[in-house]
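The values are calculated or read from the model by the stated rules, or taken from the named source; none is laboratory data. Not measured: the values here are computed from a predicted model. Note that each Cβ is placed from the backbone with ideal geometry, even for glycine, and that neighbours are counted across all protein chains shown. We work out accessible area using only protein heavy atoms, side chains counted, and drop any ligands, DNA or RNA first. Shrake-Rupley method; radii C 1.70, N 1.55, O 1.52, S 1.80 Å.
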Amino acid sequence: MATHPTAGEPARRAARWPDAAAWADRVARLAAWTPARLRAEGLLVAPPPRGGPLIGPAHRSPAGDDVLREAKELLRALLLDEQWDGAGSGPRAALTLTLPRDKAHTLAFLLRAASEIGTVGTAGHLLFRIAYAPTPETARALAVCLRLVNDLEVNEPLLYDRDHARDPADDPPG
């Protein structure tokens, strides 16, 4: 009997982040990938201008694909795994993603976590609103992962907004 392709994923993902130190190390390692470093080290090669088309595999090295995959895995863990999202307990914050309709498939896995889905304006943008447990660790990890997904694939001027104050440390230099 076939199983759903995501069956068992939370346990596998949790095994990759067994403790807070491993979690913090992974986020710090991903945060070090600034747009300038991605280009300088050849992970991002001649991408289209910001706000243009998706950044496809032709503009990423295999190492760039690995960083993108890791950022998406961490997003899944943060927003879909009970271990990290504090499901049902404590205060919740909202993460709002606004994507052009033709780019929404890049983050389709987040639909399961969305508490609200809608359209914005007449330009065909989709809005995803996702509740999560707001801790400094989750807020920073979300900012880092979404920045990398944007830098390596989505390619929008602004991808997300949070309903609480931004941490300037999340913004890459240059």
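Details
- Within region 1-49, helices (runs of 4 or more DSSP H) holding 2 or more residues that are hydrophobic (A, V, I, L, M, F, W, C), touching a helix residue (DSSP H, G or I) at 6+ places or on another chain (Cβ under 9 Å) and at pLDDT 50 or above: 20-31
- Top-ranked residue in region 123-149 [being part of a helix (DSSP H, G or I) and of a type in the set (D, E, K, R); ranked as least open to solvent (accessible area, probe 1.4 Å)]: R147
- Odd one out for T119, checked against (1) open to solvent by 60 Å² or more (accessible area, probe 1.4 Å); (2) modelled with pLDDT of 75 or more; (3) not in a strand (DSSP E or B): (3)
- Remark: pairs (first residue in region 19-35, over 17 Å from N150 (Cα atoms) and open to solvent by 30 Å² or more (accessible area, probe 1.4 Å); second residue part of a helix (DSSP H, G or I) and acidic (D, E); Cβ separation under 7 Å; 6+ apart in sequence or on different chains) are absent.
- Residues (modelled with pLDDT under 80 and either open to solvent by less than 20 Å² (accessible area, probe 1.4 Å) or at positive phi (or both)) located in region 62-92: D81, D85, G86, G88, G90
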